[in-house]
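Working notes, beginning with the structure itself.
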Amino acid sequence: MPGALALLRTLSRTNTLLLSGGIVVALIAYAVFLVDQQNRAEARLEHLRVTDRTGYLEQIRKLDGFDAYLAEFAKHQNFDTEQTVAPAFMIGRWSLRDEPERISAMVRLECHDPITFENGRLEIPDDDIRVRATYTIDGDTLVVSPATRGAFRVKLVSYGSRIDHLELTPPGRDKVFYAYPCEM
């Protein structure tokens, strides 16, 4: 039987070596596959950047979050200089609240003390008129410059791929308010 045990040991070592070699080859093949997939994704994103800016920005927002989207948006839409058109994600009414609120993205609050961002115009709480305004983006902040008042900063607070709320001190106010999208 000593010959049979030696044969079993030799076969066991051979099988272990073959299995180990197979695992190493499989891991190398998997790494090559992952690199190829990454290169394809980068090429697709670059193609989108050139051919479909809106689609490109939407992919950046979904893949990398709102902060990355905002940086690319500012660059591609020239918001590093004053624009009379508000960023699309800001257009609408926002309810000003004294304290931050924990609400679902699907819930629209009742408009209490609303501030309204429009293309080229801004309606400020406590005013019955809309004033012309320009917009620029500085990091994670929208700088709003109403024609009749001094500029004010709107911090865009996001979690993941969407804006959660805004933090701003509207003209004529002396404290920070938290703004959430609200019903028209």
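State yes or no: is LEU96 assigned to a strand (DSSP E or B) and within 26 Å of ARG153 (Cα to Cα)? Yes; evaluated as a whole, the condition is true for this residue. On the given criteria, is THR54 in contact with a strand residue (DSSP E or B) (Cβ under 9 Å, 6 or more places away or on another chain), free of Cβ contacts under 8 Å to residues at least 60 places away in the same chain and not basic (Lys, Arg)? In short, no.
Note on the range 109-184: enclosed strands (runs of 3 or more DSSP E) holding 2 or more residues that are closer than 25 Å to ALA68 by Cα and aromatic (Phe, Trp, Tyr) are 152-159, 177-181.
Scanning the range 163-184 for residues that are loosely packed, with under 13 Cβ neighbours inside 10 Å and more than 17 Å from GLU99 (Cα to Cα) turns up GLY172, GLU183, MET184. Restricting attention to the range 52-81 and to residues that are of a type in the set (Asp, Glu) and in a helix (DSSP H, G or I), the residue that is surrounded by the most Cβ atoms within 10 Å (Cβ to Cβ) turns out to be GLU72.
Taking LEU27 as the residue in question, decide whether it is modelled with pLDDT of 90 or more, assigned to a helix (DSSP H, G or I) and on the phi < 0 side of the Ramachandran plot. Answer is yes for this residue. For the range 18-68, the set of residues classified as acidic (Asp, Glu) and more than 21 Å from ASP140 (Cβ to Cβ) consists of ASP36, GLU42, GLU46, ASP52, listed by residue number. Given the structure, is ALA105 closer than 27 Å to ILE60 by Cα, loosely packed, with under 15 Cβ neighbours inside 10 Å and at pLDDT below 85? Taking the combined requirement at face value, the residue satisfies it.
Just checking, how many residues over the range 33-43 are closer than 15 Å to LYS62 by Cα and either among the aromatic types (Phe, Trp, Tyr) or surrounded by 11 or more Cβ atoms within 10 Å (Cβ to Cβ) (or both)?
Qualifying residue count, the range 33-43: 1.
The values are calculated or read from the model by the stated rules, or taken from the named source; none is laboratory data. What you see is a predicted model; the values in this text were computed from it and never measured. Quick reminder, even Gly has a Cβ in these numbers, built from the backbone with ideal geometry, and neighbours come from all protein chains shown.
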